[in-house]
1. Go through segment 114-136 and give me each residue that's open to solvent by 10 Å² or more (accessible area, probe 1.4 Å) and not in a strand (DSSP E or B).
2. Check segment 59-74 and report whether any residue there is open to solvent by less than 40 Å² (accessible area, probe 1.4 Å), part of a helix (DSSP H, G or I) and touching an Asp or Glu at 6+ places or on another chain (Cβ under 9 Å).
3. Would segment 305-323 turn up any residue that is under 14 Å from the mean Cα position of the chain (by Cα) and either surrounded by 15 or more Cβ atoms within 10 Å (Cβ to Cβ) or part of a helix (DSSP H, G or I) (or both)?
4. Can ALA317 be described as closer than 25 Å to GLU172 by Cα and at pLDDT below 95?
5. Would you please name the residue that is farthest from GLU343 (Cα to Cα), looking only at residues in segment 360-384 that are touching a Leu at 6+ places or on another chain (Cβ under 7 Å) and assigned to a helix (DSSP H, G or I)?
6. Please go through segment 348-380 and give me each residue that is aliphatic (A, V, I, L, M), in contact with a Phe, Trp or Tyr (Cβ under 8 Å, 6 or more places away or on another chain) and surrounded by fewer than 21 Cβ atoms within 10 Å (Cβ to Cβ), ordered by number.
7. Scan segment 275-291 for residues that are at pLDDT 85 or above and out of contact with any strand residue (DSSP E or B) (no Cβ under 6 Å at 6 or more places or on another chain) and jot them down.
8. Of the conditions (1) among the small types (Gly, Ala, Ser); (2) exposed (fewer than 12 other Cβ atoms within 10 Å of the Cβ); (3) at pLDDT 80 or above, SER251 clears all except one; give me its number.
Amino acid sequence: SAPDEPVLEVNLRVMPSTSSWTHKVAQYLRLLDPNGTGEVELAKRNPFTGAPVLGKISGPDNKPFFFVDGPHGAPSQHVFNYETSVLIGAGIGVTPCASIMKGVVNYRWKKGFSPQNLHFYWIARWADLAKFKWLLLTLPELKASQLQHNEYYGDEEARRQQLVNRLRQLGEEVAQGRTHQGSSEPMLPEGWAQARAQGGQLYYYHTRTGETSWQPPTVGSGCSSGGGRGGAHVGVRAVGGGGSSLVPAESSFVRSDSVASMAARRKEMAALQARLREMGSHHRSLSITLYLTGCKAEQVVAQAHPTAGSTEELVAALLSTTDPNTGRPYLELRAGRPDWFRELGVLSDLYGRADVGVVFCGSKPIAKALKQACEARSQIGGTMFTLHKENF
């Protein structure tokens, strides 16, 4: 349950070992429910009137039912210190995430508190999905509440979605440019391309002026973009001719993305990121992504006629509700394990210069991978990712 809710809700994963405390709690509650109704009402009788009164302290053994000790500090509380937060849970580690999301969406946003943007990821096994039905039923409701909030408080939702889509497109183009730059083909100035001579030697030429060079041209180097002066110039003899005309080997023509176009993309991204931040302080965003292990990609799509009570039926129900602004389901389901370097890269392209908090509750191997991704994706003057983890 969320801190602002009037009712305390606790979810326990009962371990199979009879010596575990969770198994003992479950066994104790079953003794209080001899008819197997699945509900235990902790009530007592008024000693004067005999009427049942909700609320009971001691059990059959004359000992208190439960002690609630706290509050205690936890890494998850840092989620409220950022305008943009990434909330990640693995397995049963999703329980504090559920509490945080309900508190943020149902209470904090109505009071204008942070975080304004919340990105939730959950990693779980396909076989365990039905055990977390209580959570899965809550997620679409939270997304619907976020859309309702923006409809009432926010504005220009369609325009904002256009900015987000354009930023994602530019991010992919810039990422492709980085991959190209890291390959054996150098990043060339605008107007330059590379080809191979008759003997197989790699050379560079200007597409408009015909200027050529054995060395890769760079911005500010001796190779000019016109006139053919400065730098080393070579003539490539055309096949079948006696002259020295400059003809590229068309069969091996490769055009490289220009430095100027990459700089233009980054400049446009920075402008869109700034505009996105200025589009109203009342707008809130919530994204929900579930990574399911132990299954194939075709299993995480809605089946036409799933078996009643099956996991496939649960998946179909989750994907049935769509966002009217994007036409996409409230939740995104993916098979396999997440690539945190890629996921954080998408967020970096979206928010630009910002401090993003990453809150994780789960196993140590995932925490280690997250730590590496946060360090690799953090840039001074750009997006800084700070990890707050709670391992078990």
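The values are calculated or read from the model by the stated rules, or taken from the named source; none is laboratory data. Given the structure is predicted, the values throughout are model-derived calculations rather than measurements. Glycine also receives a Cβ, built like all others from the backbone with ideal geometry; neighbour counts cover every protein chain displayed. Remember, those area values only see protein heavy atoms, side chains included, never the ligands or the DNA or RNA. Shrake-Rupley method; radii C 1.70, N 1.55, O 1.52, S 1.80 Å.
1. Step one: filter segment 114-136 for residues open to solvent by 10 Å² or more (accessible area, probe 1.4 Å), giving 114, 116-117, 119, 121, 123, 125-128, 130-134.
Within segment 114-136, SER114, GLN116, TRP126, ALA127, ASP128, ALA130, LYS131, PHE132, LYS133, TRP134 qualify.
2. There is no residue in segment 59-74 that is open to solvent by less than 40 Å² (accessible area, probe 1.4 Å), part of a helix (DSSP H, G or I) and touching an Asp or Glu at 6+ places or on another chain (Cβ under 9 Å).
3. Going through segment 305-323, the residues under 14 Å from the mean Cα position of the chain (by Cα) turn out to be none.
No, the conditions are met nowhere in segment 305-323.
4. Details: closer than 25 Å to GLU172 by Cα: no; at pLDDT below 95: yes.
So ALA317 fails the test.
5. In this case the residue turns out to be LYS371.
6. Step one: filter segment 348-380 for residues aliphatic (A, V, I, L, M), giving 350, 354, 356, 358-359, 366-367, 369-370, 373, 376, 380.
If we keep only those that are in contact with a Phe, Trp or Tyr (Cβ under 8 Å, 6 or more places away or on another chain) too, we end up with 356, 358, 366-367, 369-370, 373, 376.
Hits for segment 348-380 are ALA367, ALA369, ALA376.
7. Of the residues in segment 275-291, the ones at pLDDT 85 or above are 284-291.
The one that is at pLDDT 85 or above and out of contact with any strand residue (DSSP E or B) (no Cβ under 6 Å at 6 or more places or on another chain): ARG284.
8. So the condition that SER251 fails would be (3).
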